[in-house]
Amino acid sequence: MADFFRWTNCEYSDVLAGFYNARTVKAYLTGVVQPSLAALDKQIQDWNESKDPIALVAIDDIEVLRNATVEAYCLAIQSLFERQLRTYLAGCAGFLKKPELVPKVQQARWDRLNELFLELRGIALKDFQQYENLDFLQLLGNVCRHGEGPSLETLRKQHPELWPGLGHQIPGPDGKPMPFVPSGYNLVVVRRQLDAFAESVAGFWDVCEYIYNESIDAKGGSLTQRIPSLRQEFAGKIRQNVEAGLA
């Protein structure tokens, strides 16, 4: 076992991964997501302050639109991360002279991408602190994309908080109460969860960049000075009991 996990750096792929957090996910969050949600929040606030008799109806409609918008952004972040991960792993497969893995990376589902990441980088995605939230993001993205299906049932069991109506009854077509049935159409994703997803994606690539720096054999003076503080910053963000390097 090594004191600090290292892998075989894949040059261009690892360098490119260092730009994923600031130039994509965070930029998307601040440049696209936050302004559009702020605009919807402003509409809700304006209607709350209005004396117009249709205010309650308008607020309800905007809140439905807002929730649908948050779900769409969840799906966008999930798709963005998945493309980043596939591009990264395909580049690593080429650098490590395992071209047969490139089409597998391009076609793999989430579980298989986990296996390929371990095979190519010597560490499992589950060893990253951000994994639980990234796994949640993948599951939610599948439900937002496909609606009903096995992913919906898994999501309901793992995250019942997405359906505030669970355990309650709602009026049926005939006016009689009927049980609330969770579906892909009535789940509620709150804004803070959207922010957490974006931070988890960015944090994952931050850890990858740290491992890249840790794995440089001939570290320059500046990096040598920074390594102790980097080790402290990223302590606990990856499991330390993993094998060092690749065969």
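Annotations for the structure displayed:
- The set of residues in region 151-167 being farther than 15 Å from VAL188 by Cβ and touching a residue at least 12 places away in the same chain (Cβ under 8 Å) consists of SER151, THR154, GLN158.
- Positions within region 7-35 being over 21 Å from SER200 (Cα atoms) and not acidic (Asp, Glu), in sequence order: TRP7, THR8, ASN9, CYS10, TYR12
Residue-wise test of (1) part of a loop (DSSP other than H, G, I, E, B); (2) modelled with pLDDT under 90; (3) closer than 17 Å to ARG6 by Cβ.
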residue: ILE170; (1), (2), (3): no, yes, no
residue: ASN186; (1), (2), (3): yes, yes, no
residue: ASP206; (1), (2), (3): no, no, yes
residue: TYR210; (1), (2), (3): no, no, yes
residue: ALA218; (1), (2), (3): yes, yes, yes
residue: LEU223; (1), (2), (3): no, no, yes
residue: ILE227; (1), (2), (3): no, no, yes
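- Any chance GLY91 is in a helix (DSSP H, G or I) and either among the hydroxyl-bearing types (Ser, Thr, Tyr) or surrounded by 18 or more Cβ atoms within 10 Å (Cβ to Cβ) (or both): yes
- Just one residue in the set ARG6, ARG23 is under 25 Å from GLU233 (Cβ atoms) and not in a helix (DSSP H, G or I); that residue is ARG6.
- Residue in region 94-117 that is touching a residue at least 40 places away in the same chain (Cβ under 8 Å), buried (at least 19 other Cβ atoms within 10 Å of the Cβ) and within 25 Å of ARG6 (Cβ to Cβ) present: no
- Test: residue in region 194-215 that is without any contact (Cβ under 8 Å) to a residue 40 or more places away in the chain, over 22 Å from ILE77 (Cα atoms) and surrounded by 12 or more Cβ atoms within 10 Å (Cβ to Cβ): yes
- Residue check for ASP52: part of a helix (DSSP H, G or I) and of a type outside the set (A, V, I, L, M): no
- Taken over region 120-141, the criterion of being within 12 Å of the chain's Cα centre (by Cα) and part of a helix (DSSP H, G or I) is satisfied by TYR131, GLU132, ASN133, LEU134, ASP135, PHE136, LEU137, GLN138, LEU139, LEU140, GLY141.
- Counted residues, region 23-60 - those being in contact (Cβ under 8 Å) with a residue 24 or more places away in the chain and either hydroxyl-bearing (Ser, Thr, Tyr) or surrounded by fewer than 11 Cβ atoms within 10 Å (Cβ to Cβ) (or both): 3
- Of the listed requirements (1) in contact with an Asp or Glu (Cβ under 9 Å, 6 or more places away or on another chain); (2) under 15 Å from ARG191 (Cβ atoms), GLU71 misses just one: (1).
The values are calculated or read from the model by the stated rules, or taken from the named source; none is laboratory data. Here the structure is a predicted model, which means the values were calculated and not measured. A quick note on method: Cβ atoms are made from the backbone with ideal geometry, for glycine too, and the neighbour counts reach across all protein chains shown.
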